[in-house]
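See structure below.
The values are calculated or read from the model by the stated rules, or taken from the named source; none is laboratory data. Please read these numbers as outputs of a predicted model, since none were measured by experiment. Glycine gets a Cβ as well: all are built from the backbone with ideal geometry, and neighbour counts include every protein chain shown. Only protein heavy atoms, including side chains, enter the accessible area calculation; ligands, DNA and RNA are left aside. Shrake-Rupley method; radii C 1.70, N 1.55, O 1.52, S 1.80 Å.
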Amino acid sequence: MATVVALPTGKALTVRASADRFLDSLGNPNTVRNYGIGVSKTAECLGEGRPLASVADDEIGETLESLWGSSAVNTWNARRASIQSWLTWCSERGYDGPTIPAWTKRMSPPDSETPARSKSEIDRLITRRDIGLREKTLWRMLYETAARSDEILSLNIEDLDLAGRRAQVKAKGAKSKTRRRGEVREDFALETVYWDAGAARLLPRLLKGRSRGPVFVTHRKPGPGKVVQPRDVCPDSGFARLSYGQARALLDEHTCLGGQKGSGWDLHEYRHSSLSHLGEQGASLLMLMAKSRHKKPENVRKYFKPSAESIAELTSLLAPGDTQR
């Protein structure tokens, strides 16, 4: 009597083969590297040689829990997203396989722990006599523009509109646009940042005698073995652009507690402080989004950290009408 064999309804692949095909389909090397961590480790735990179709949904969840259950929220979400992309890719191409179980959920990122400094603290630091003009200008611009540190550090003098107190920057996650013949920096859509009187007074002093090149430069030329892009070198002095690491170390040096390195302020605190102070002064959510150039309201909320005094003042509005403070 003939034996009845059930034929597979879809296409079959081993765990490792499906992982390799998925990673090979990704064009961006950075995406391959980031996704490869989660996909490769998961494939090893599941068993690389077994059919992907034999893997149960709960096995995926248990593997995620065992590998990254105790990791930081962002790490968990990143690894979960890579596995989800892998399994979705397989499903869309007709390969039999599991899905991420419903109980293995994406976690909500915690609120940022970056503090918001008071306006008086910021003013007091910038007006100190032992602070150099370069640092004063950088910190004042970071505070008044509420821009990201990399955006301000990447500015060249040619990018500045000193009369209009504004400049165009390549923002985080900037989308490319159609390039016209001869254009270089406009490969990406640029966004505008604005500063006010404080930075407007300091910038001309910092740029005295210079009309091109990086706004913020080091006090020495790059070493002979260091490769630096022409845009990142002052054509007049030969000094290199001030890097994020150098700028961060300078701020920490002037704000660290008891001379202990790493205990000082962070450059990102100026962005948090700026948006918090604007919010305390009554700026609307839409205006805060326009100033910070965030696209989602929940992202702005993480930056807005009103002081205890401002919350107490707000609470006083609930007092009885005949109460005087």
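Starting from 0 in steps of 5 Å, tell me what percent of the Cα-Cα pairs of segment 231-318 lands in each bin.
Whole-percent P(r) values from 0 Å outward: 3, 12, 15, 13, 13, 16, 13, 8, 4, 1, 1, 0, 0.
Per-residue counts of other Cβ atoms within 10 Å, averaged by peptide: what ranking do you get for 154-165, 49-60, highest first?
Values: 154-165: 14.7, 49-60: 16.4.
Per-residue Cβ counts within 10 Å, averaged per peptide and sorted highest first, yield 49-60, 154-165.
Which pairs, out of LYS170/LYS296; LYS119/LYS305; LYS136/LYS295; LYS261/LYS305; LYS136/LYS208; LYS136/LYS302, put more than 23 Å between their alpha-carbon atoms?
Pairs exceeding 23 Å: LYS136/LYS295; LYS261/LYS305; LYS136/LYS302.
Give, rounded to the nearest 20 debye, the magnitude of the charge dipole that segment 215-325 has about its Cα centre when Lys and Arg contribute +1 at Cβ and Asp and Glu contribute -1 at Cβ. Before the final figure, lay out the partial values.
Numbers: 16 positive and 11 negative charges, 136 e Å.
So the magnitude is around 660 debye.
Using a 1.4 Å probe over the heavy atoms of the protein chains, calculate the carbon and sulfur portion of the accessible area of the chain as a whole percent.
Numbers: 10170 of 19570 Å².
Roughly 52 percent, rounded to a whole number.
Taking the dipole about the Cα centre of the chain, with the C-beta of Lys and Arg at +1 and of Asp and Glu at -1, give me whichever of ALA19, GLY213, TYR35 is farthest to the positive side.
My answer, from the dipole projection, is GLY213.
Enter the accessible area per residue of the chain (Å², integer; probe 1.4 Å; all protein chains in place). List each step's numbers first, then the result.
Values: 19570 Å² over 325 residues.
In whole numbers, the chain has 60 Å² accessible per residue.
Once you sort the root eigenvalues of the Cα gyration tensor of segment 189-232 as a ≥ b ≥ c, which label holds: rounded (a/c under 1.5), prolate (a/b larger than b/c) or oblate (the other case)?
Oblate, because a/c is 1.5 or more while a/b does not exceed b/c.
So how far, in whole Å, is the C-alpha centre of segment 11-73 from the one of segment 240-291?
Value for the Cα centre distance between the two parts: 38 Å.
What list of ³J(HN,Hα) couplings, whole Hz, do you get for segment 12-19 from phi and the Karplus terms 6.51, -1.76, 1.60, once you set θ to phi - 60° and write x for glycine and proline?
These are the phi-based 3J(HN,Hα) values: 10, 9, 6, 4, 5, 5, 5, 5 Hz.
Taking the highest mean first, how do the peptides 308-318, 80-90 order by number of other beta carbon atoms within 10 angstrom per residue?
Descending packing order for the listed peptides: 80-90, 308-318.
Quick one: compute a quarter of the convex hull surface over the Cα atoms of the chain and quote it in nm².
So the Cα hull casts an average projection of 28.3 nm².
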